[in-house]
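The structure under discussion appears below in the form of structure tokens.
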Amino acid sequence: MPPRRRDRRRPRDPSPPPPSDARAPPPSASGIRITLLAPAVVLVLVLTVLGFSGRLSRSPPHPQTLQTTARSVYERGLVKRDISSREILAEHTRVSEKRSQRQFPNPVLAYVTPWNSKGYDMAKLFSAKLTHISPVWYDLKSDRNMLVLEGEHNFDATWVSELQGNGSLVVPRVVLEAFPAVILLEKMQKAKAIDLIVSECRDKGYDGIVLESWSRWAVYGVLDDPELRYMALQFVKQLGEALHSISSKSSNRHLELIYVIPAPRMKELSNQDFGPEDLLQLADSLDGFSLMTYDFSGPQNPGPSAPLKWVQHSLTTLLSAKGSSPSGNHSRMIFLGINFYGNDFLLSRGSGGGAITGRDFVHLLEKYKPSLQWDEKSLEHFFIYSHEGVRHAVFFPTLMSLSVRLDEARNWGTGLSIWEIGQGLDFFFDVL
């Protein structure tokens, strides 16, 4: 049985610096997990307990320049199974000069995190390919008898305005950290929570939000109680209706609500799963669902990040209810999760390892010059290397693995949600 998904609200990889400046990761977006992080650039296993008060500031500027070429990755013959380390090292920084030309026709939601500032620059450089951009900025928390929306200090008016001027919708993520009993059982507090979110959108000129709450509700047992589960779904619906009542200043349409949902893991759904009936209840009041089809494997069970059969199973399960046929509108509400990060797992001396970014991946290719292998079951690339007698397995996206998943999204008529655009290789954007 595969392990339950890890909480993607907290990045397992906050883009560690080069070996000359190794340091502990910055605080992350939640304080409920212990994270295993193994930066491949130093190959040291670090066990860190992460806690966060919600006041995370944007990291220093990361000026991003691109090497452009007249030919895309398709024209350069790089989207293939037998890709080599040498080819990736030579080509990963080169992108097509036609940055506004879209290969993927459906909506694309791109997450940007404050602890990985490269994402801010990539969002601007490739905004023509990104219909929705979600900076990970806000947490709605309980503070004694009050509700507080933390994260306003992250707001960058110039950045938001530039993205909206290029046609992208800016929909910051809001994590619902408040105690469920407060916002679900107390009518006035529920209204206050909705008002805080709607007012922030209105004041900052956002185009809506991405809401994440399901994993928190699972922790508190909300999803096991039919009455509380119903109240939780009603809260999401009411928030969506409140946002829909307001027009966006940049897009001349109503504010949008996109809801983050876990991908079903097993054939038989548990109470903690978001199922097809939940989707049907919310669909009329929402604009989309950000489906987390990544993190299939973990340090205790090393393997691929998003096996294609699991992705297909997730979509089939969610769209199985009456009225949710792939040809209907509900498939077009799904933003299929795509990871731009990878994992470096330990295969000996017990389990361990953790997430790596494109920078870490490139360092490993330069140091070990491994032979990449194509896994026919998961349709992902991986390689094996050894360091000080310890064997590692590295799974990281490639142009081929991304292309396969984009084809799957096209076939279903879904959009994409990318976690997150500061972590990948530059030439990944050519396939979007």
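Annotations for the structure displayed:
- Of everything in region 366-407 that is open to solvent by less than 60 Å² (accessible area, probe 1.4 Å) and charged (D, E, K, R), the residue that is nearest to residue 419 (Cα to Cα) is 405.
- Residue within region 65-72 that is closer than 20 Å to residue 339 by Cβ and either in contact (Cβ under 8 Å) with a residue 40 or more places away in the chain or not aliphatic (A, V, I, L, M) (or both) present: no
- Residues in region 96-115 that are buried (at least 19 other Cβ atoms within 10 Å of the Cβ), hydrophobic (A, V, I, L, M, F, W, C) and part of a loop (DSSP other than H, G, I, E, B): 1 in all.
- For residue 405, the requirement of being touching a residue at least 12 places away in the same chain (Cβ under 8 Å), closer than 25 Å to residue 90 by Cβ and of a type in the set (Lys, Arg) is met.
- Condition met for residue 178 (open to solvent by less than 10 Å² (accessible area, probe 1.4 Å), in a loop (DSSP other than H, G, I, E, B) and either hydrophobic (A, V, I, L, M, F, W, C) or in contact with an Asp or Glu (Cβ under 7 Å, 6 or more places away or on another chain) (or both)): yes
- Of all residues in region 243-252 being open to solvent by 10 Å² or more (accessible area, probe 1.4 Å) and under 25 Å from the mean Cα position of the chain (by Cα), the one that is nearest to residue 174 (Cα to Cα): 244
- Hits in region 181-190 - residues which are open to solvent by less than 40 Å² (accessible area, probe 1.4 Å) and either under 12 Å from residue 145 (Cα atoms) or part of a loop (DSSP other than H, G, I, E, B) (or both): 182, 183, 189
- Whenever a residue of region 305-317 is closer than 15 Å to residue 398 by Cβ, its partners that are charged (D, E, K, R) and assigned to a helix (DSSP H, G or I), lying with C-beta atoms within less than 8 angstrom and at least six residues away or across chains, give the pairs 306/405; 308/405; 308/408.
- Remark: pairs (first residue in region 258-286, under 18 Å from residue 306 (Cβ atoms); second residue aromatic (Phe, Trp, Tyr) and crowded, with 16+ Cβ neighbours inside 10 Å; Cβ separation under 7 Å; 6+ apart in sequence or on different chains) = 260/214; 261/214; 261/274; 261/289; 262/214; 262/274; 274/214.
- Within region 263-304, the set of residues being small (Gly, Ala, Ser), surrounded by fewer than 22 Cβ atoms within 10 Å (Cβ to Cβ) and over 22 Å from residue 397 (Cβ atoms) comprises 270, 275, 283, 285.
- Enumerated strands (runs of 3 or more DSSP E) restricted to region 314-432, each holding at least 3 residues that are of a type in the set (Gly, Ala, Ser): 353-356
- Residue in region 220-231 that is open to solvent by 10 Å² or more (accessible area, probe 1.4 Å), touching a residue at least 40 places away in the same chain (Cβ under 8 Å), under 24 Å from the mean Cα position of the chain (by Cα) and closer than 17 Å to residue 173 by Cβ present: no
- Scanning region 77-91 for residues that are touching a residue at least 24 places away in the same chain (Cβ under 8 Å), farther than 16 Å from residue 370 by Cα and either part of a loop (DSSP other than H, G, I, E, B) or of a type in the set (Ser, Thr, Tyr) (or both) yields 78, 79, 80.
The values are calculated or read from the model by the stated rules, or taken from the named source; none is laboratory data. Computed from a predicted structure; not experimentally measured. Cβ atoms come from the backbone with ideal geometry, glycine included; neighbour counts cover every protein chain shown. Heads up: the accessible areas ignore ligands, DNA and RNA and are worked out on the full protein's heavy atoms, side chains in. Shrake-Rupley method; radii C 1.70, N 1.55, O 1.52, S 1.80 Å.
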